[in-house]
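Taken together, the values in this text are just the output of simple stated rules run on the coordinates, not laboratory data. These numbers come from a predicted model, not from an experiment. All Cβ positions, even for glycine, are placed from backbone atoms using ideal geometry, and neighbour counts span all protein chains on display.
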Amino acid sequence: MKQSILTKTAIVLLCLTALIACQEKKKPINFPATDLAKANMIPMPLKTIPTNSAFALDKNTAIYTTESDNKFVDVGAFLSKKIKTKTDLDLPVNESRADNVERIIYINQADSEELAGNEAYQLYITRDSVIINAKTAEGAFRGIQTFRQIIPETSNDTLTDHKMWLVPTGKIMDNPNFGYRGSMLDVARHFFSVEDVKKYIDLLAYYKMNILHLHLTDDQGWRIEIKSWPKLTEVGGSTQVGGESGGFYTQEEYKDIVKYAAEHYITIVPEVDMPGHTNAASVSYPFLNGNGKTPKLYTGTEVGFSTFDANKDTVYAFIDDVIREITAISPGPYFHVGGDESHVTSKKDYVTFVNKVEKIVHKYGKRMIGWDEIVTADVDSNAIAQYWSSGKNAKLAVQKGMKVILSPANKAYLDMQYDTLSKFGLHWAGYVPVDTAYVWTPEEYDGIPLKNILGIEAPLWSETISTMEELEYLAFPRVIGFSELGWTPKENRNWDNYKIRLANQAPYLDRMNVKYYPSELIDWKKSKYTYKTISKD
């Protein structure tokens, strides 16, 4: 297999080189000097070597890919579409006729030993070609995000009779710091549409995130269709915080989200929060309730008052159905069971409940994730603790040999206010300005050994937001810095350098119509947004 890939690659490259050589010779273009190391790449790559010339992206450029793997072809088509959006150039992909081709972008399946992992890639840029090497289409997809970022916002119209976008030349060798790099979106407190979720996926993928954790259920709403228990959405999905009508995803809509995420090499992690945060389920089916009160629809924001009954077999039969139906349409390896803030669940019942639910998760072939409280039960070392609040719980997880996802609220919670003037968000964990969200070291956080850290995740709870504009205000730009914390090793991270690169993300965010928070810590020279444009009305 390796020999066949290498042979095919060599043949393709020889053909393309010959194609370029056969073009009518033209007077060499004197490109201005460039510096690839100073390009506005986020996250910062592992290693960058500039060669100070330029690749002229123009109408005479074509994209070729390894054709033996359809996923590489799809990556090429994706890149062509995004280049069209940015530059209005229509670049052909794997077209046999190439009369006008003068430069190529080649997305190549390679077996180099230097490619350490599925997301690793190499990017080689010369005056005539761009070559992206990766073992997998996932790695190639990460590589084209880097290439998208280094295409200038404006063309150079002075060197020839047509527009050229001068991409700096050089070499990039890249590989992620952590394998799990995600954000969580709470669609339970306030519901967000399929299109909203897809837009968030677009933005996360651009910054090389690979996980979207969906908080699908809570006291205020149940957002995923369970066909064997239809009242969950008919009743439990009918409202949200503040009393407005809620909403839910049909299983077909959820599968559409999962498919769209997969096309962007993002895994959906579904969460059904239990035994607490369960009022929406209990009001739909009162036999589930374990707090001794008659459940009613809830539209407030208090926590800790609800619980499932941990001592009924029928409750576990219900949970079995829920997990079975969701895991059947969730191809990723994880299922999140919540487990946080179960204040009215007795310790004995909590341990019993988590232990039984873990077995159900395993039954359906998934690995259980839970908020850090789950470590107080008798979970096995295969379970994953998400550290949001308790360092004590995180250290207990380490003692049990578990992996930990880092989401400390005072650093990583995207729903925390930036400062006292923030229009949206909370501040129970403190204010989290843009620099606080970036200037910390996950690799050395709270004494957790690096070998136990699966990765990092930035949660966005939705008590105070109900529209995509408000979501974007809280998530951006902080989640961009979080992408760098997850991908880039600590020796390559530097706030003074990062804030310059972040400032230059404004044109992309504007093009995507992202209503980000224009922090005064950042010199947003090209931003069209100001504080006054962010309105709750």
- Task: Using DSSP, restrict attention to beta bridges with both residues in region 180-496 and report what percent are antiparallel, rounded to the nearest 5.
- Result: 10
- Using a 10 Å cut-off on Cβ atoms, rank the peptides 232-243, 253-264 from the highest mean neighbour count down. 232-243, 253-264
- Any idea what angle helix 2-21 forms with the longest principal axis of the chain, computed on alpha-carbon atoms, 0 to 90 degrees, nearest 10? 40
- In this structure, among LYS198/LYS423; LYS259/LYS423; LYS392/LYS423; LYS259/LYS395; LYS82/LYS163; LYS392/LYS490, pairs with alpha-carbon gaps over 27 Å are LYS259/LYS423; LYS392/LYS423; LYS259/LYS395
- Ranked highest first by the average count of other Cβ atoms within 10 Å around their residues, in what order do 426-439, 265-278 fall? 265-278, 426-439
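Quick check on the chain: helices-only [θ] at 222 nm, where DSSP H runs of length 4 and up contribute -39,500 (n - 2.57) each and the sum goes over total residues. Nearest 500, please.
Only helices count here, giving -9500 deg cm²/dmol.
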- Which residue, chosen from HIS343, SER80, VAL379, occupies the Cα position most advanced towards the positive end of the dipole of the chain, where the dipole is computed from +1 (Lys, Arg) and -1 (Asp, Glu) charges on Cβ about the Cα centre? SER80
- So how do 110-121, 332-343, 398-409, 291-302 stack up, highest first, on mean other-Cβ count within 10 Å? 332-343, 398-409, 110-121, 291-302
- Query: On a 0 to 90 degree scale, rounded to 10, what angle separates helix 313-328 from the longest Cα axis of the chain?
  - Reply: 10
- Set of aspartates and glutamates with alpha-carbon distance to LYS86 below 15 Å, sequence-local pairs under 8 removed: ASP58, GLU153, ASP202, ASP510
- Nearest-ten-degree value, helix 137-150 long axis tilted from longest Cα axis of the chain: 70
- Message: Can you say what percent of the DSSP beta bridges in the chain, counting only those with both residues inside, are antiparallel? Round to 5.
- Response: 35
- Tell me which aspartates and glutamates have Cα within less than 18 Å of LYS366's Cα, excluding those fewer than 8 residues away on the same chain? GLU271, ASP273, ASP320, ASP321, GLU325, GLU358, ASP378, ASP380
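Roughly how big is region 373-531's charge dipole about its Cα centre, with Cβ charges of +1 (Lys, Arg) and -1 (Asp, Glu), in debye to the nearest 20?
Working: 17 positive and 20 negative charges, 69 e Å.
Once rounded to the nearest 20, the dipole reads 340 debye.
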